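None of the figures in this text is laboratory data; all of them are computed from the coordinates on show. Everything quoted here is computed from the prediction, not taken from an experiment. Cβ placement follows ideal geometry from the backbone for every residue including glycine, while neighbour counts extend to all protein chains displayed.
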Amino acid sequence: MCMRCDGYSWDEIDRHTDLMIRVHGYLMVQVEGPGAWTYTIGAFESWDQPELLVVDLEPELQKVLVHAVADDYVRLGEIHDETLDLLDLELVAVHESHFDDGLVGRWEDRYSMRAQAGDFVQIVPGASWFCGRHEEAMRRLDDAA
């Protein structure tokens, strides 16, 4: 899934990113491995809205959630509360301390800057997504690391 590992040059990856943002308004980046996460690049430049970030779920579910929420950006230019209520989701601003370790490295490379408070929101599934034993298991990134 990593274009770099598949032999693409950084220039080819940058061109792919540009094309995806021009066509779809955003690019979804998935970081694999333990504690996999998914985030967008392009929401700010396309709609002047924060980027989306999902952690602590299966990668395929992360992808589905990003697309479901980003669809509001594509159709409406912003995320509507009705969408979040229907899907039992909450958006929380990611605390800037979480950007210290390259959490959104491709985004930071594209914009040649460190992510700041307000640049990303985390998609947090509500309690209905989990059994009673696991409803508090998902990390929330709105607090300091």
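Take the Kirkwood radius over Cα pairs of the stretch 35-145, plug it into Stokes-Einstein at 20 °C and 1.002 mPa s, and you get 149 µm²/s for translational diffusion.
Using just its DSSP H runs of length 4 or more, each adding -39500 (n - 2.57), the chain gives a mean residue ellipticity at 222 nm of -10500 deg cm²/dmol after division by all residues.
At full extension, Ala144 and Cys5 could sit 46.8 nm farther apart than now, given 0.36 nm per residue minus the alpha carbon distance.
Neighbour counts of C-beta atoms inside 10 Å place Phe99, Phe120 in the sequence Phe99, Phe120, starting with the fewest. Each Cα pair under 8 Å and six or more residues apart adds its sequence gap; the mean of these over the residue count of the stretch 10-129 is a relative contact order of 23 percent. Restricting the trypsin sites (Lys or Arg not before Pro) of the stretch 1-55 to loop positions (DSSP other than H, G, I, E, B) with no more than 14 neighbouring Cβ atoms within 10 Å leaves Arg4. If you wrap the tightest convex hull around every Cα atom of the stretch 101-143 and split its volume per residue, you get 94 Å³. Taking 4.7 Å between C-beta atoms as the pairing limit, the chain has these partnerless cysteines: Cys131.
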